[in-house]
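What follows is a set of notes on a single structure, which appears directly below.
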Amino acid sequence: MVIAIDGPAASGKSTVARKLAEKLPCTCLNSGILYRALTWQILHSGIDPADQEAITFAVSRMQLELSVPPIGSPALQIDHHVPEFESHDNEVNAAVSKVATVPAVRSCITSLLRGFGKDRDVVMEGRDIGTAVFPDTPYKFYLDASPEIRRQRRAAQGLEDSIENRDRLDSTRSIAPLSIASDAHVIDTSNLTIDGVVDAIFEILTHASRDQQ
Ligand code: DC
C-alpha cells in the first residue's frame, strides 16, 4: 500500500509524511532526497545542471540503487556509494529542479521508487507520486500552502531556497510535472499545525479502510 503525498516546496509534506509514517506505522520515503543526491553528484562531477545531454550521458554510466538501512531513511546509492552531502545546500536547491526535468533522471528515479513501493507499506512524498509513480494508489494527498507562508517557513529554517523558481520549473516540465491528481485529497496547510495535517490524513485513511471492509 502506497500513500502518496505530493505538493510544492515548503508545503509541509516531508514532516507530515514522516510523522504519518510513525503513526501508522510504516516506512517513509522522501523522493526529493533522491533527486537532490543525484543533483549533488552531477554538480560535483563538474556538469552544468542545464546541460541535459551531459546529464543523460552521466546518468547512463551510473549504477543507481536504493540503499535501505534497517533503521533510518532509504537513500540513493550511486556507484555503490551513498553520497554524503547537505541536502538543502544552496547549490543543490538552485539546481535540483533543472536536473529533475531530464527524462533519463526521472525514469531512473521513478523505477527505483516503483520497485521500493511494490511490496511495502510506505508513505512516499514528492511531486509526482500520485500522478505518475503510483497513479493507481487510492491514497493520494496533495498538500499546499500560500506562497507567503511557504516563504516564511523556509526563512524560519534559515534556508535560501528560490521557491517560486522551483515551483515554476516543477510544474511546467514536460514529464510528470507537479499537478493535483483528480482523485487526490487537497489539504491547505497554511493555517494548520503539522499534527493537525497528520490527524486529517489519518482520519481519511481510517474511513477509507472502514469503507473497504
Ligand atoms: O521535495 P524536495 O523539495 O526536496 O524536492 C526537490 C526537487 O526534486 C523538487 O524541486 C523537484 C524534484 N522532485 C521531483 O521532480 N519529483 C519528485 N517526486 C520529488 C522531487
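The values are calculated or read from the model by the stated rules, or taken from the named source; none is laboratory data. The structure displayed is predicted, hence computed values, not measured ones. Note that we place each Cβ from the backbone using ideal geometry, even for glycine, and neighbour counts take in every protein chain shown. In case anyone asks, the SASA skips ligands and DNA or RNA and just uses the protein heavy atoms, side chains included. Shrake-Rupley method; radii C 1.70, N 1.55, O 1.52, S 1.80 Å.
Which pairs do you get when a residue that is closer than 10 Å to Pro49 by Cβ and without any contact (Cβ under 8 Å) to a residue 60 or more places away in the chain, found in region 97-108, comes within reach of a residue that is open to solvent by 20 Å² or more (accessible area, probe 1.4 Å) and in a helix (DSSP H, G or I), reach meaning Cβ atoms under 7 angstrom, with the pair 6+ apart or on two chains?
Val102/Gln52; Val102/Thr56
Scan region 1-57 residue by residue and report those that are among the charged types (D, E, K, R) and either under 30 Å from Asn191 (Cβ atoms) or modelled with pLDDT under 95 (or both).
Of the residues in region 1-57, the ones among the charged types (D, E, K, R) are 6, 13, 18-19, 22-23, 36, 48, 51, 53.
Selection gives Asp6, Lys13, Arg18, Lys19, Glu22, Lys23, Arg36.
Of all residues in region 151-170, which are part of a helix (DSSP H, G or I), within 30 Å of Ser111 (Cβ to Cβ) and in contact (Cβ under 8 Å) with a residue 60 or more places away in the chain? Steps first, please.
At the first step, the residues of region 151-170 found to be part of a helix (DSSP H, G or I) are 151-156, 163-170.
Filter once more, keeping what is within 30 Å of Ser111 (Cβ to Cβ): 163, 165-170.
Ile163, Asn165, Arg166, Asp167, Leu169, Asp170 - these are the residues of region 151-170 that are part of a helix (DSSP H, G or I), within 30 Å of Ser111 (Cβ to Cβ) and in contact (Cβ under 8 Å) with a residue 60 or more places away in the chain.
Look through region 17-44, keep the residues that are of a type in the set (A, V, I, L, M, F, W, C) and away from the ligand (no atom under 12 Å from the Cβ), and return whichever of them is farthest from Ser87 (Cα to Cα).
Leu24
Output the residues belonging to region 171-188 that are part of a strand (DSSP E or B), surrounded by fewer than 16 Cβ atoms within 10 Å (Cβ to Cβ) and among the aliphatic types (A, V, I, L, M).
Val186
Does region 189-212 contain at least one residue that is open to solvent by less than 40 Å² (accessible area, probe 1.4 Å), of a type in the set (Lys, Arg) and either free of Cβ contacts under 8 Å to residues at least 40 places away in the same chain or not in a helix (DSSP H, G or I) (or both)?
no
Say whether the condition of being farther than 24 Å from Pro135 by Cβ, among the aromatic types (Phe, Trp, Tyr) and in contact with a helix residue (DSSP H, G or I) (Cβ under 7 Å, 6 or more places away or on another chain) is met by at least one residue in region 50-70.
Checked against the condition, which is being farther than 24 Å from Pro135 by Cβ, among the aromatic types (Phe, Trp, Tyr) and in contact with a helix residue (DSSP H, G or I) (Cβ under 7 Å, 6 or more places away or on another chain), region 50-70 yields no hits at all.
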